Amino acid sequence: MNTRRDWIYQVRSRFRADTVDSRLSNRMISFELEKMLTLLIRRDSDSRKTWKQTNLFTRQLIELTTVDGRSRSVNPLPPIFQGSLNPYLQILGSDGTSWTLSTPLQQAGSCGFYGWLDNENYLVLTRPGITQIEVRYFGKPYRQPGSCQSELDVLLPVPDHLEEDLLTSVCKNLAAAPLPIPEDSFPNQNAQTTAPRPTA
C-alpha cells in the first residue's frame with residue numbers, strides 16, 4: 001500500500017512539462033488525490049469490488065457503554081470512507097456473519113437492532129447493554145494525534161481497480177486548474193524600458 005508521498009511522485013511523473021510540475025506543491029497534489037479518491041470510492045460502492053479487497057480494511061474490537069438507552073462506543077472511530085448510502089463499515093458476528101449499517105443486526109436469534117455513526121464518529125447501537133462488538137472498516141488516511149510521522153508518510157489506501165482512474169483524473173484536474181503563478185506570456189515586458197544613460 002502506497003503512502004501519500006508515493007502517490008504524489010506518481011502524479012508528478014505523469015507531467016511532461018517542467019513549468020507545470022514545478023508550480024504544483026505537495027499539499028495541492030495531496031488535496032486533489034484525497035478529494036478525487038473520496039469521490040471515486042463513493043461512486044464505486046455499489047459494485048462491491050472494494051469490499052472484496054480485504055487488505056484495505058481494518059478489523060477492530062470496539063468497547064461500548066450504555067448512554068441514553070443506547071450502546072455507544074467508548075471512543076470515536078477513525079475517519080471512514082463513505083459509500084453512496086452508508087460508510088464502509090461492517091459489524092461482525094461471532095458466527096462469521098456481517099452487517100452493514102443499513103440492515104438490522106441480529107444477535108443470538110433476537111429481534112434486529114440498528115447502528116449508525118453519529119456526527120462525532122461514535123458507533124451507536126439501538127440496543128443497550130452491549131459492551132463489545134467487532135467491526136471491519138475502510139479507513140481514510142489517518143495520523144495518530146501526537147505522532148512524529150510526516151503527513152507525506154501516511155498510507156493512502158486505494159482500491160486496485162481505481163488506481164488508474166485516480167491518477168488520470170487527478171492529473172487532468174491539476175493540468176486544467178489555474179496555477180498560483182501563471183506563466184509569463186510576454187517576457188519582453190520585463191526588460192528594461194528606460195533609455196540607457198549616455199556614457200561619458
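Observations on the structure shown:
- Condition check for Ile29: farther than 24 Å from Phe113 by Cβ and either modelled with pLDDT of 90 or more or part of a helix (DSSP H, G or I) (or both): yes
- Test: residue in region 40-48 that is in the same structural domain as Glu164 (by TED's automatic domain parsing) and in a loop (DSSP other than H, G, I, E, B): yes
- Filter result for Asp160 (of a type outside the set (Gly, Ala, Ser), under 16 Å from Ile29 (Cβ atoms) and surrounded by fewer than 16 Cβ atoms within 10 Å (Cβ to Cβ)): no
- Pairs where the first residue, in region 164-181, is in the same structural domain as Gln10 (by TED's automatic domain parsing) and surrounded by 13 or more Cβ atoms within 10 Å (Cβ to Cβ) and the second is assigned to a loop (DSSP other than H, G, I, E, B) and modelled with pLDDT of 90 or more, C-beta under 8 Å, 6+ apart: Leu166/Val158
- Within region 49-60, considering residues that are hydroxyl-bearing (Ser, Thr, Tyr) and assigned to a helix (DSSP H, G or I), the one surrounded by the fewest Cβ atoms within 10 Å (Cβ to Cβ): Thr54
- Test: residue in region 61-83 that is exposed (fewer than 13 other Cβ atoms within 10 Å of the Cβ), free of Cβ contacts under 8 Å to residues at least 60 places away in the same chain, assigned to a helix (DSSP H, G or I) and at negative phi: no
- Test: Asp44 is in contact (Cβ under 8 Å) with a residue 40 or more places away in the chain and either surrounded by fewer than 13 Cβ atoms within 10 Å (Cβ to Cβ) or among the acidic types (Asp, Glu) (or both): yes
- Residues that are surrounded by 14 or more Cβ atoms within 10 Å (Cβ to Cβ) and either modelled with pLDDT under 80 or among the polar types (S, T, N, Q) (or both) do not occur anywhere in region 145-155.
- Residue match in region 30-53 (condition: closer than 26 Å to Ser94 by Cα, of a type in the set (Val, Ile, Thr) and in contact with a Ser or Thr (Cβ under 6 Å, 6 or more places away or on another chain)): no
The values are calculated or read from the model by the stated rules, or taken from the named source; none is laboratory data. Bear in mind the structure is a predicted one, so any value in this text is a computation, not a measurement. Reconstructed Cβ throughout: ideal geometry from the backbone, glycine too, with neighbour counts over all protein chains shown.
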